[in-house]
Every structure is written in structure tokens, then in C-alpha cells.
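Data first, discussion second: the structure below is written as C-alpha cells.
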Amino acid sequence: MRTREDIECWLTDMDGVLVHENRPLRGAKELLRQWQDAGTEFLVLTNNSIFTPRDLAARLRASGLDVPEARIWTSALATADFLHDQAPGGSAYVIGEAGIITALHEIGFTMTDSDPDFVVIGETRSYSFEAITKAIRLIAGGARFISTNPDATGPSADGILPATGAINALITTATGRTPYIVGKPNPMMFRSALNKIGAHSEVTGMIGDRMDTDIIAGMEAGLHTVLVMTGISTRSLVDTYPFRPDEMLEGVFELVDAAPVESEVESPRDDI
């Protein structure tokens, strides 16, 4: 049976594992340093498709966490990877922001609202009725329906906001078409991350805070799964699922080799 000692590479979720909003969680800084000092391959994963890896690296740095942009893998990058495999040099009509648009440009895709190969729905803070109507008409006309992630809501200072999954549902109701979703819980996102760092699932671990995305996708991708209790999951919630992670920890500080770790540090709110 595989144990933590067999793990040579790590994938880790970001929010709820390393940070909460703009606050680093206990042990996050030390664990990242431990991996970097040991030359351990790792990637920080997020379903957020709004920001580029450079944007996210800067935000993490402001939180006191040093994560190079090359160590960040987003649902936007995974979606671009998938579309490049499906239709190299293809075209897309995109609802989203810099994260997904930049990722698609970098793989050689053309952005167009005239007979695109794909309609791609990503996250944005300014969903447009006109843009959604255009997406519905293009999908009804034959464009393939792709989405970066299934998250129905997102956070804001004033409360929850409708997110990608809610727009997916609206378009599905209007067209009768369901999207292919590349981000978590699709294990496709983890497989593309493994390809990026040249890792094998048998020697890779996944750290997450959600049973319904991180753990199930990690399990289906064949990874060693570690659930931490610093996000939305509780031990009683785990009991409601028919599967289990390989490990359940209070936080990533338990993965740090016998060294003192800093307590959580308060900092101004700034959603990541």
C-alpha cells in the first residue's frame, strides 16, 4: 500500500490549503520552502480562471508566500491544454478574463464571435447578457461548449456571486447542451498538471480541502490524497461521502518536517 513516504511530487490546492483570502495558513510558508529546498516537484492548483499565473504569484507573494508563476496551474491553463490537443490552432468565443484569454492566445487560438470551434465559459466579475446570448446562439449553431470549472458561486466582500457553474446552467437550459468542464473535479486537470512537471501519479500526492473536487479528482487520477481541515471540510462531512482520502490532517503544518511553523498571519482581505 502506498504511503506518504512513497511520494516524490506534490499538487496542492490554493485557497483553504495555503491561504484563506489573503491570509497564509499555518505551515504553508514552511512547506513551500521545504519543497523548494529539497528540489521536490510541486504545483499549486486553482479552479480560478480569472487570473494569470503571474497575477496569482504576485497575490501570493503579497500574502508572504513565495510561489513562482511556473509553479501555478489554473483551470484556464488546463482548459487551453485540452483545447490545443482537440484542435491545434483553433478558434473560440470566450466569456472570461485575462486568465483564460491569455492562456488561449499562448497556445495559438484565435478569439472570434464568427463561427468559432468552441465557446469557452470562464469566470468573470462582469457577466454580460449580450455575451451570454451570443454564446447561446453559437452553441445552438454547432460550436462545442467548454467550461473552465463547475463552481456555481464565488466569494466577494458583500456575499456570494454567481460564478461559472451558474452561467453554465443558464446556457444548458437555453440550448440543451452540457459543457465539458476541464477544471476540478475532472481528473483531466490533474493529469495535465502531472504532464507539466513530468510526474507519475503513483508517486504524486494531492493536498486539498474539498472532498467533492480535490479528493475525488485526485483519487480518480490515481494520486495519494490528503484532506486538510483548514478549508470547508470537517471530519463529520467526510462521513457523508462513500470514499475517503488517504490521509486527513488538521492543516499543511502537519506535512512540515519537525520544525517550528509560524502561526497564521492576519492581512487585509483580498480574495484569491
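Bear in mind that the values in this text are calculations on the coordinates, not laboratory data. In this text the structure is predicted, and so the values were computed from the model without any measurement. A quick note on method: Cβ atoms are made from the backbone with ideal geometry, for glycine too, and the neighbour counts reach across all protein chains shown.
Couple of notes before you dig in:
- For the pair residue 130 and residue 8, label points projected 7 Å from Cα toward Cβ lie 5.4 nm apart.
- Computed E for residue 54/residue 86 - FRET, C-beta separation, R0 22 angstrom, nearest 0.05: 0.30
- Of all DSSP bridge pairs formed entirely within the chain, close to 10 percent run antiparallel.
- Karplus-based coupling profile of segment 214-227, in residue order and whole Hz: 4, 6, 5, 5, x, 4, 5, 8, x, 9, 6, 9, 10, 9, with θ = phi - 60° in 6.51 cos²θ - 1.76 cosθ + 1.60 and x standing for Gly or Pro.
- Relative to one another, the C-alpha centroids of segment 220-254 and segment 131-148 are positioned 36 Å apart.
- Counted residue by residue at 0.36 nm each, then reduced by the alpha carbon distance between them, the extension gain from residue 153 to residue 172 reaches 5.2 nm.
- Mean separation of Cα pairs under 8 Å and 6 or more residues apart, divided by the residue count, gives the chain a relative contact order of 24 percent.
- Calculated FRET efficiency for the pair residue 229/residue 203, C-beta based, R₀ 25 Å, to 0.05: 0.50
- Among (i) 24; (ii) 15; (iii) 20, the entry derived from the coordinates for percent of Cα pairs over 33 Å apart: (iii)
- The slack in the chain from residue 112 to residue 244, taken as 0.36 nm per residue of separation less the alpha-carbon distance, amounts to 43.2 nm.
- Student exercise, segment 76-181 dipole from Lys, Arg, Asp, Glu Cβ charges, in Debye to nearest 20: 300 debye
- About the centre of its Cα atoms, the chain shows a dipole size close to 640 debye [charges on the beta carbon of Lys, Arg (+1) and Asp, Glu (-1) only; nearest 20 debye].
- Residue (of 228, 201, 243) at the positive-pole extreme of segment 169-243, dipole from beta-carbon charges: 201
- Cut-off 17 Å (backbone N to label point 7 Å along Cα→Cβ of residue 212), residues of segment 151-192: 151-155, 160-170, 181-187
- Taking amide H as placed 1.01 Å from N in the peptide plane, the amide H of residue 72 sits under 5 Å from that of 44, each at least 5 places away or on another chain.
- Most fluctuating residue given options 179, 24, 88, as computed from a GNM of the chain linking Cα atoms under 10 Å: 88
- Alpha-carbon centroids, segment 1-72 and segment 187-213: separation in whole Å: 13 Å
- Less than 5 angstrom separates the built amide H of residue 225 from those of 206, 246, 247, all sequence-distant by 5 or more or on a different chain.
- Positive-end residue, the chain charge dipole about Cα centroid, Cβ charges, pick of 101, 190, 7: 101
- Ellipsoid equivalent to segment 76-181 - semi-axes via the Cα gyration tensor, in Å: 21, 16, 12
- With contributions of -39500 (n - 2.57) from each DSSP H run of at least four residues, the per-residue ellipticity at 222 nm computed over the chain stands at -9000 deg cm²/dmol.
- When segment 95-220 is described by a simple charge dipole with +1 on each Lys and Arg Cβ and -1 on each Asp and Glu Cβ, the residue from 149, 178, 211 located farthest towards its positive end is 178.
- Peptide packing for 195-204, 166-175 was compared via the average number of neighbouring C-beta atoms within 10 Å per residue; ordered from the highest value, the list is 166-175, 195-204.
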